[in-house]
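The values are calculated or read from the model by the stated rules, or taken from the named source; none is laboratory data. Predicted model, so just to flag it, every value in this text is computed and none were measured. Here Cβ is always computed from backbone atoms with ideal geometry, including for glycine, and neighbour counts include all displayed protein chains. Please note that ligands, DNA and RNA were not included when accessible areas were found on the heavy atoms of the full protein model with its side chains. Shrake-Rupley method; radii C 1.70, N 1.55, O 1.52, S 1.80 Å.
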Amino acid sequence: MSGGSGLVVALDGPAGAGKSTAGRALARELGYTYVDTGAMYRAVGLIARERGVSPEDDDALADLVAQLRITFVPAPEGQRVLVNGRDVTSEIRSAAIGQWASRVSARPVVRARLVAMQRELGAQGGVVMDGRDIGTVVFPSADVKVYLDAALPERARRRHRELRDAGEAVSYEDVLKEMEQRDERDSTRAAAPLRPARDAVVIDTTHLSPAEVCNRLVALVRERVRS
C-alpha cells in the first residue's frame, strides 16, 4: 500500500498499448497525479542527442542525467514536460527521439537516476504512473498493477497515426519495423526488462476503445479500495 493519500497505480506495457491515454484518463477520473515515465526517458534521449552524448557512454550519460531536472506541469491540453525549465513536450514525441529513449533506457546509470525521481514523485500515493518497469522495479508494491498490451500491427497503426497527426512523414512499415526493434531491445535488456509483474492484471487493448480501457482500470481501482 502507498503511504500517503490515495493509491499507487502502476501501468506497464509496450509502446502503442494505450498506457498514456488510459493513464491520463484514469488520473482525471480519480483526481490523481499522472506521471508518464516514458516521457522522462525521451527527455534524456533528446538532451543526449542534442549534446552529442552516445547512448553507450555510461560516464557521459551519468553526468548528463545528474544535471537534469524533469518536471510535469498540468495544462489544458494535457501535461507539459519540462527539462530544466524548458518545455520539450512536442520535441520528445518524434520517432527519432523514441529510438534514442529506448537506447538510453537500457543503461543502468540512466535507469537508476530516473527510478529515484519516479519513486519520489509517487511516494505520497494518489498517482497513476505509466512505463515499462513500474510494477516490477519502480513500485513493486504498487496497490494496483496493470500490464496493457495489444497486437503489434495495431500498436504500430496507433503510433503511425499519432506521428502522422503530429506532422511527421513516416510510413506504417517503418513504424512497424522500429516498434519490433524496440520491443526486442526493451524485453531483452539486462536492466529492468519489459515484462508483466507476476501479480499484474493483463489487459489486451487491441479491440478496446480508450473509454473501455479506462472503465476497466477504474473498476480495478475501486475493487482495490473496497478490499
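Residues of the chain: accessible area per residue at 1.4 Å, in Å²? If you can, show how the numbers build up before the last one.
On the way: 10740 Å² over 227 residues.
Using a 1.4 Å probe on heavy atoms only, each residue of the chain averages 47 Å².
Between R164 and E77, what's the calculated FRET efficiency when r is the beta-carbon distance and R0 is 22 Å? Round to 0.05.
Numbers: r = 19 Å, r/R0 = 0.84.
Result of the calculation: an efficiency of 0.75.
Where the only charges are on Cβ atoms (+1 Lys, Arg; -1 Asp, Glu), what is the dipole of the stretch 21-113 about its Cα centre, to the nearest 20 debye?
Working: 13 positive and 11 negative charges, 37 e Å.
Around 180 debye, computed over the stretch 21-113.
Once amide H atoms are built 1.01 Å from N in the peptide plane, which residues 5 or more positions from D133, or in another chain, come under 5 Å H to H?
Distant-sequence amide H within range of D133: zero hits.
Among Q181, L148, V137, whose Cα sits farthest toward the positive end of the charge dipole of the stretch 137-218 (+1 at Cβ of Lys/Arg, -1 at Cβ of Asp/Glu, about the Cα centre)?
The listed residue farthest towards the positive side: V137.
I'd like the carbon and sulfur percentage of the solvent accessible area for the chain, probe radius 1.4 Å, heavy atoms only, ligands and nucleic acids excluded.
Details: 5300 of 10740 Å².
Solvent-exposed carbon and sulfur of the chain make up 49 percent of the total.
Let's see if you can work this out: charge +1 on each Lys and Arg Cβ, -1 on each Asp and Glu Cβ, no other charges. What is the dipole magnitude of the chain about its Cα centre, in debye to the nearest 20?
Roughly 400 debye, rounded to the nearest 20.
Take the alpha carbon atoms of the stretch 183-227, find their center, do the same for the stretch 1-66, and report the distance between the two centers in whole angstrom.
15
Given charges of +1 on the Cβ of Lys and Arg and -1 on the Cβ of Asp and Glu, with all other atoms neutral, how large is the dipole of the stretch 147-227 about its Cα centre, in debye to the nearest 20? Write out the running numbers ahead of the final one.
Numbers: 16 positive and 16 negative charges, 81 e Å.
Roughly 400 debye for the stretch 147-227.
Which ³J(HN,Hα) values in Hz, rounded to whole numbers, follow from the phi angles of the stretch 17-26 under the Karplus curve 6.51 cos²θ - 1.76 cosθ + 1.60, where θ = phi - 60° and Gly and Pro get x?
Once rounded to whole Hz, the list reads 7, x, 4, 5, 4, 5, x, 5, 5, 5.
In nm, to one decimal, how far is the modelled label at A151 from the one at Q67, with both set 7 Å along Cα→Cβ?
Each label point lies 7 Å from its Cα, and together they span 4.7 nm.
Please report the net charge: other residues with Cβ closer than 14 Å to the Cβ of E180, K and R +1, D and E -1. Mind showing how you got there, number by number?
On the way: positive: R155, R157, R159, K177, R182, R185; negative: E154, E173, D174, E178, D183, E184, D186.
Net of charged neighbours comes to -1.
What 222 nm value per residue comes from the helices of the chain, counting each DSSP H run with n ≥ 4 as -39,500 (n - 2.57) and dividing by all residues, nearest 500 deg cm²/dmol?
Numbers: 8 runs with 111 residues, N = 227.
Taking each H run of at least 4 residues, the total per residue is -15500 deg cm²/dmol.
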